[in-house]
Amino acid sequence: MNWGEQVASRRQRVHEQRPLVHHITNLVVTNLTANVTLAIGASPVMAYAREEVADMARLAQAVVLNMGTLTGDVVEAMLLAGKAANNAGIPVVFDPVGAGATPFRTRTAQKIIKELHIDILRGNASEIASIGGFGGHTKGVDAAGAPARVAEMVKQVARDLNTVVAVTGATDYISDGERLIAVDNGHPLLTFVTGTGCSATSIIAAFRAVEEDGVTASTAALAYYGLAAERAAAVSQGPASFQVALLDTLYNLAGEELARGVKIRLL
Amino acid sequence: MNWGEQVASRRQRVHEQRPLVHHITNLVVTNLTANVTLAIGASPVMAYAREEVADMARLAQAVVLNMGTLTGDVVEAMLLAGKAANNAGIPVVFDPVGAGATPFRTRTAQKIIKELHIDILRGNASEIASIGGFGGHTKGVDAAGAPARVAEMVKQVARDLNTVVAVTGATDYISDGERLIAVDNGHPLLTFVTGTGCSATSIIAAFRAVEEDGVTASTAALAYYGLAAERAAAVSQGPASFQVALLDTLYNLAGEELARGVKIRLL
Amino acid sequence: MNWGEQVASRRQRVHEQRPLVHHITNLVVTNLTANVTLAIGASPVMAYAREEVADMARLAQAVVLNMGTLTGDVVEAMLLAGKAANNAGIPVVFDPVGAGATPFRTRTAQKIIKELHIDILRGNASEIASIGGFGGHTKGVDAAGAPARVAEMVKQVARDLNTVVAVTGATDYISDGERLIAVDNGHPLLTFVTGTGCSATSIIAAFRAVEEDGVTASTAALAYYGLAAERAAAVSQGPASFQVALLDTLYNLAGEELARGVKIRLL
């Protein structure tokens, strides 16, 4: 199978298997990421209470931990859910929103990575650089025109942390420390809607639930999502109609139309 | 008055009386249910703090308690608001989201039902089965092709708990333990948008604020909502444009057009 | 420069400087206000934890404190963020949602105003009346047909509290206790979408980040927002398509088209 066919087949599996994705996520994107998860044919559950997160994680086929609006209670819930998932062999996808912005976030991200086995780490270049100890160079890493440095950083962090790293941006990079893949699908309007990164994380988690290989799952998810964004932008008047069209397109995009549109490069 | 006229007249009353509906609800649907409440012409207030929920409940014409993203603090707030509403004769509508999924949720739902007088209990078949002690058969109750069993279960739980029960699904069932009514309005796209069940609960609460009889209020609310979903689906490209069209249609649908479209059966 | 040119130039500055606006806001509008902030070209960050709010506030060019869904923890976070902003000379915009509705809210609003320096206070007439001690007359102040009384109240509260007050309604009033300005842009559909007042506050904060004078910033923000609402209403079928069109229009509206449409009166 070529990449296009692989993407379409994983998207089809999500549709058929309807994996349950347990989210412990932030207040800004709770509604959006639940709707994105539904639009792609998976099943979301959002549950935060210490009293139930371990039970809920064990019911799921993938767990998303997103630290966008952290509090102490939420961190505790993430650790409980993550450990339950780890013990049950359920994949955990971690989105370290804002790592590097405040000491509390950086510290919390490091604690989660230390105490849990993370299957896939999804962030933007700054966040991943901060976690990987490239923090002093965050601005440089973020800067346009340095894609080669971002790609190398992704591979290095994946190797150091022994996980799959997916960094989203104008070009997305995915690596497990050995393989390094670039996805060129996407659209600038994604940066004018809050939670589009968090939505990428949710889609990656749903794909990981139906595909053991984290690199394949992340690559397929990001190409599908990026292509949906391109199609949505073509019929939008601004960021809000873009968001509506993005979810509609995720719901409708499949099969050959999806397979033909993906832009994936093995680096 | 036939059913169509009754539905249209209750919808008109909501529009004229603009009842204040106090919600203690979950993080996923807070924005959506506030917007649904506004779209139908009622007035939402979302308030959670122990320090004020009793005061706020007493200002309202109906109170919604929804346990979608429970924490210990929220349970305490629900009990305070519910007791204040009970003492003031203000109707309480309870949505036991996810009852049966984890022990914490099932236990909390039972606690709320035991400590408060619930005027209307709104859920899907699994949730109501779990609360009513049909929990062992949840899967069977949920299964398509067993509508007669769901209908009987709704009537039985209503009788056992001495409340009005409204179960939503492909067909909605409403019962007070004596009367049993089916509503056939609705559309499958409702299952691809998060919070559409919670939105049904909000509309039921607004209708109950202007109609003493819980069976009539629930039936009218669900027929109106289901018909709006049918009309919205006809002009949508996917789940996100459907959600937009659903709220627009709730805002616009009234009078004869509403009366003619409802599908209500007395069983 | 006439008012139209001033509005367009401040909107352009927001677009160019992309100010970071730190929000501590309510659960109902978190997603909407983040998206509004992005749509106008600014950059939102939502962070609530005691452990980081002071750090985050110091990174921002403006801080929004919105008490829509208060809890004790959130109040504490607001005071920490507000003090950090005050010490660093970063403007603080306060939205006292629901002040006057419950004793807890009124008390909290007064505490925040007493302990922090508020650069701009944005609310509806009832909320500002309650804070300014006109509470006994809330209904009267709110009543249509008494715009002159609202205008006087705004000026009086601004003088008493030594801050800029912006009251939104059919006509918006802005005063620093000396100058008094009315903005006639806007549309009734704004009252059918939750969080449109909170969104006004976010836009005011972004404009204040690029314009030292709070009266000019508030006036420009509200005229721009109100004109966007007029344009959006003209292409909407109801409140949900209106919300989508409102954000799209905020994203697109600029330059001469904006300058020509504003309706601002010096009283």
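The values are calculated or read from the model by the stated rules, or taken from the named source; none is laboratory data. Computed from a prediction, not measured in an experiment: that's the story for all the values here. Counting neighbours? That spans all protein chains shown, and the Cβs are built from the backbone with ideal geometry, glycine included.
Things to note:
- B:T102 being at pLDDT below 95, surrounded by fewer than 24 Cβ atoms within 10 Å (Cβ to Cβ) and more than 14 Å from chain C (Cβ to nearest Cβ): yes
- Only a single item in (1) within 13 Å of another protein chain (Cβ to nearest Cβ); (2) surrounded by fewer than 24 Cβ atoms within 10 Å (Cβ to Cβ) is not met by A:N87, and it is number (1).
- Verdict on B:R11 being crowded, with 20+ Cβ neighbours inside 10 Å and of a type outside the set (S, T, N, Q): yes
- Single match in B:A223, B:A206, B:A245 (criterion: free of Cβ contacts under 8 Å to residues at least 24 places away in the same chain and outside any loop (DSSP other than H, G, I, E, B)): B:A245
- Subset of segment B:11-25 [part of a strand (DSSP E or B) and within 15 Å of the chain's Cα centre (by Cα)]: B:V21, B:H22, B:H23, B:I24
- So C:G123, is it on the phi < 0 side of the Ramachandran plot, modelled with pLDDT of 95 or more and buried (at least 17 other Cβ atoms within 10 Å of the Cβ): yes
- Segment C:26-46, subset closer than 22 Å to C:V210 by Cα, facing chain A (nearest Cβ under 8 Å) and over 14 Å from the mean Cα position of the chain (by Cα), residue surrounded by the most Cβ atoms within 10 Å (Cβ to Cβ): C:N35
- Residue within segment A:89-107 that is assigned to a loop (DSSP other than H, G, I, E, B), farther than 20 Å from A:L161 by Cα and aromatic (F, W, Y) present: no
- In segment C:60-75, the qualifying residues are those that are outside any loop (DSSP other than H, G, I, E, B) and under 11 Å from C:P91 (Cβ atoms), and the one that is farthest from the other protein chains (Cβ to nearest Cβ) is C:A62.
- Residues (away from chain A (no Cβ under 14 Å), polar (S, T, N, Q) and crowded, with 24+ Cβ neighbours inside 10 Å) located in segment B:208-248: B:S218, B:T219
- For A:A254: the one exception among (1) of a type in the set (A, V, I, L, M); (2) buried (at least 21 other Cβ atoms within 10 Å of the Cβ); (3) within 14 Å of another protein chain (Cβ to nearest Cβ): (2)
- When C:T201 is tested against the conditions (1) more than 27 Å from B:L20 (Cβ to Cβ); (2) assigned to a helix (DSSP H, G or I), the lone failure is (1).
- Whether a residue is within 24 Å of C:L27 (Cβ to Cβ), of a type outside the set (V, I, T) and free of Cβ contacts under 8 Å to residues at least 40 places away in the same chain was assessed, and A:L27 does not pass this test.
- So A:A49, is it within 26 Å of A:K83 (Cβ to Cβ) and facing another protein chain (nearest Cβ under 9 Å): yes
- Test for A:A8: is it among the hydrophobic types (A, V, I, L, M, F, W, C) and either assigned to a loop (DSSP other than H, G, I, E, B) or more than 10 Å from chain B (Cβ to nearest Cβ) (or both): yes
- Members of segment B:186-207 found to be more than 12 Å from chain A (Cβ to nearest Cβ) and of a type in the set (A, V, I, L, M, F, W, C), listed by number: B:A200, B:I203, B:I204, B:A205, B:A206, B:F207
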